[in-house]
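Report on the structure given below.
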Amino acid sequence: MLIDHPLLGPRDASEFIYMGDAKLLNRPNWKSQNSKTKFLDYGYLRKNPAGVHKELWYHEQGDRSWLLVTRNTVTHEILKVELARDTKGK
Amino acid sequence: MKYSGFKVLWEGLKGNTGWKPLWRNPDPKKNYDIIIVGGGGHGLATAYYLAEKFKITNIAVVEKGWLGSGNIGRNTTIIRSNYLLPQNQPFYEFSLKLWENLEQELNYNSMVSQRGVLNIFHSDSQRDAFVRRGNAMLMSGADASLLGVDALKKLVPFLDFQNSRFPIKGALWQPRGGTVRHDAVAWGYAKEADSRGVDIIENCETTNFLIKNGRCYGVETTKGVIKSKKVGVCVAGSSSQVMGKIGINLPIESHVLQAFVSEGLKPVIPGVITFGAGHFYVSQSNKGGLVFGGDIDGYNSYAQRGNLPVIEDVCEGGVALMPMIGRARLLRTWGGIMDMSMDGSPIIDKTKIRNLYFNGGWCYGGFKATPASGFCYAHLLATDKPYNDAKDFLFNRFERGRLIDEKGQGNQPNLH
């Protein structure tokens, strides 16, 4: 797979470390109500879709940026690549 | 149908005209006591043990494709019980004991071949870890011994003992480990379940569950509605898809694992060998092909095919361990979808929906677990209580912080 890095252009996926579902960007507030349930969901439960999946890739063998990649898990087609820092909180 | 040496001879004389299909091809009835969703190794084993040990025979196994079309037909066929943790090791030893008696019990030649499993180590600290693991194995009643370089050289003289980066220091040896003809496991369980009255319904996809007041009372399928008192889901890589139909998120990611087979070679590899410095394991099939594998690709996938970097990595591991295979040609590669759980260990448990049960999260270790998984799931379905050797494989271990994490990697499925 080639990941079209927003700053560096197309890079081989093997330069990256895969960190899974992009829900990890939205860490629950530990002071919120039901924070125990929210952290169980955050830490362990995944939608794991067959189809479009938003996920985090870390460019360890490159510029060490975190990318938010939208990819189809059935075809391995990469639909969109963004810098995670540009999307946080959106 | 009973198999025997005499029957083989007799059929040979009759031109093999007397063999019959191993299972019927029934239409689904309207009602069952138990429906098993997923006709793979684990689902068929569950149906068999329900019928044989728990005397429940009004069962349907519904399978989306053809019988055994998933991971039971895609794995690298290794059986072993060389785990470390007390929640895991007795379960896998129970499984190995069931394997040892499987052919007699099913009257079916699944070619259980206990040629031994070697885990090679390359450093002092790795040796210490394997000593600890070997002791854990012995405590569960399994067999294990530590081999030094001299003993290892007698068994497998072709390894690269003097490798300058990863010199071989010895191995953990489980003589009772080995390989099994994987498809025959599915066929054998199907034959014996069917002969006890279990309906195996192929090409019948489960499209939804029938749920009322928090209770499950059947499934909707592409062959119509089928009702039952209990439903057991057992669908490996499709777990999240199936449970997602009723909004249950699982502690599971689906990943692709590739497997490989070389062209047929003369007998050279005596048992199963695993590389301690990279991820590579190999055995030789009865047809002569080297059957090997390594890491999962590492990203969520339902594609049943992987990518080239992992093929390169696995082959590099193989050549580093045994340079002699460098000129063997790769014949085939394929991929299967693994239900990678958050701690690398499986789940056999009830769900929050009453009468709906779940078995999954086997990561890429599900094949060796097939008999015990079927037995323990059957126990849970029949009695509503977990079987003792599987009593820790519960959903709530994640919220209770009681993870069963063999490698200590944390909640990162692609590292298990």
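The values are calculated or read from the model by the stated rules, or taken from the named source; none is laboratory data. None of these values were measured; they are calculated from a predicted model. Cβ: placed from backbone, ideal geometry, glycine included. Neighbour counts: every protein chain shown. What goes into the accessible areas is simple: the full protein's heavy atoms, side chains included, and nothing from ligands, DNA or RNA. Shrake-Rupley method; radii C 1.70, N 1.55, O 1.52, S 1.80 Å.
What single numbered condition from (1) assigned to a helix (DSSP H, G or I); (2) of a type in the set (S, T, N, Q); (3) crowded, with 19+ Cβ neighbours inside 10 Å fails to hold for B:Gln126? Only one criterion is unmet by B:Gln126, namely (3).
The condition of being in contact (Cβ under 8 Å) with a residue 60 or more places away in the chain, among the acidic types (Asp, Glu) and in contact with a helix residue (DSSP H, G or I) (Cβ under 7 Å, 6 or more places away or on another chain) holds for only one of B:Glu202, B:Glu253, that being B:Glu253.
Specify the residue that is surrounded by the fewest Cβ atoms within 10 Å (Cβ to Cβ); the eligible residues are those in the range B:60-74 that are assigned to a loop (DSSP other than H, G, I, E, B) and of a type outside the set (Asp, Glu).
Taking the range B:60-74 and keeping what is assigned to a loop (DSSP other than H, G, I, E, B), we get B:63-70, B:74.
If we keep only those that are of a type outside the set (Asp, Glu) too, we end up with B:64-70, B:74.
On the way: B:Lys64: 20, B:Gly65: 13, B:Trp66: 11, B:Leu67: 24, B:Gly68: 24, B:Ser69: 16, B:Gly70: 27, B:Arg74: 22.
Filtering first and then ranking leaves B:Trp66.
Only one entry in A:Gly9, A:Gly43, A:Gly62, A:Gly51 is touching a residue at least 24 places away in the same chain (Cβ under 8 Å), small (Gly, Ala, Ser) and out of contact with any Pro (no Cβ under 7 Å at 6 or more places or on another chain), namely A:Gly62.
Among the residues of this structure, B:Phe375 does not count as one that is within 14 Å of another protein chain (Cβ to nearest Cβ), open to solvent by 10 Å² or more (accessible area, probe 1.4 Å), out of contact with any Gly (no Cβ under 8 Å at 6 or more places or on another chain) and touching a residue at least 60 places away in the same chain (Cβ under 8 Å). Only a single item in (1) more than 18 Å from the chain's Cα centre (by Cα); (2) open to solvent by less than 50 Å² (accessible area, probe 1.4 Å) is not met by B:Ser113, and it is number (1). For the range B:78-110, a residue qualifies if it is closer than 21 Å to B:Gly276 by Cβ and open to solvent by 20 Å² or more (accessible area, probe 1.4 Å), and the qualifying residues are B:Ile78, B:Arg80, B:Tyr83, B:Leu84, B:Leu85.
Please specify each residue of the range A:51-90 satisfying the condition of being of a type outside the set (A, V, I, L, M, F, W, C), within 14 Å of another protein chain (Cβ to nearest Cβ) and either part of a strand (DSSP E or B) or on the phi < 0 side of the Ramachandran plot (or both). Residues satisfying the conditions are A:His53, A:Lys54, A:Glu55, A:Tyr58, A:Glu60, A:Gln61, A:Thr70, A:Arg71, A:Asn72, A:Thr73, A:Thr75, A:Glu77.
Among the residues making up the range B:75-94, those that are touching a residue at least 60 places away in the same chain (Cβ under 8 Å), in contact with a helix residue (DSSP H, G or I) (Cβ under 8 Å, 6 or more places away or on another chain) and part of a loop (DSSP other than H, G, I, E, B) are B:Asn75, B:Thr77, B:Arg80, B:Ser81, B:Asn82, B:Tyr83, B:Leu84, B:Leu85.
Condition first: over 22 Å from B:Ile252 (Cα atoms) and at the interface with another protein chain (Cβ under 7 Å from one of its Cβ atoms). Now tell me which residues in the range B:298-313 satisfy that. Even if it seems obvious, please write down each step before you answer.
Our first condition is that a residue be over 22 Å from B:Ile252 (Cα atoms); within the range B:298-313, this holds for B:308-309, B:311-313.
Correct list: B:Pro309 only.
Checking the stated criteria, B:Asp297 turns out to be under 23 Å from A:Val74 (Cβ atoms), of a type in the set (Asp, Glu) and in contact with a Gly (Cβ under 8 Å, 6 or more places away or on another chain).
Residue under question is B:Pro386, and the condition is that it be open to solvent by 40 Å² or more (accessible area, probe 1.4 Å) and within 14 Å of chain A (Cβ to nearest Cβ); does it hold? Considered against the rule, which asks whether it is open to solvent by 40 Å² or more (accessible area, probe 1.4 Å) and within 14 Å of chain A (Cβ to nearest Cβ), B:Pro386 comes out as no. For the range A:25-50, name all the residues that are more than 12 Å from chain B (Cβ to nearest Cβ) and open to solvent by less than 40 Å² (accessible area, probe 1.4 Å). Those that are more than 12 Å from chain B (Cβ to nearest Cβ) and open to solvent by less than 40 Å² (accessible area, probe 1.4 Å): A:Leu25, A:Pro28, A:Ser32, A:Ser35.
Inside the range B:201-294, counting only strands (runs of 3 or more DSSP E) that do not spill past its ends, which hold 3 or more residues that are surrounded by fewer than 22 Cβ atoms within 10 Å (Cβ to Cβ), more than 19 Å from the chain's Cα centre (by Cα) and more than 14 Å from chain A (Cβ to nearest Cβ)? Quick ask: steps written out before the conclusion?
Working: elements: B:206-212, B:215-221, B:224-233, B:252-264, B:272-274, B:281-284.
In the range B:201-294, B:206-212, B:215-221, B:224-233, B:252-264 are the strands (runs of 3 or more DSSP E) which contain 3 or more residues that are surrounded by fewer than 22 Cβ atoms within 10 Å (Cβ to Cβ), more than 19 Å from the chain's Cα centre (by Cα) and more than 14 Å from chain A (Cβ to nearest Cβ).
Checked against (1) in contact with a strand residue (DSSP E or B) (Cβ under 8 Å, 6 or more places away or on another chain); (2) open to solvent by 10 Å² or more (accessible area, probe 1.4 Å), B:Ile34 passes all but condition (2). Scanning the range B:171-199 for residues that are open to solvent by less than 20 Å² (accessible area, probe 1.4 Å) and touching a helix residue (DSSP H, G or I) at 6+ places or on another chain (Cβ under 6 Å) yields B:Ala171, B:Leu172, B:Val185, B:Ala186, B:Gly188, B:Tyr189, B:Ala190, B:Ala193, B:Val198.
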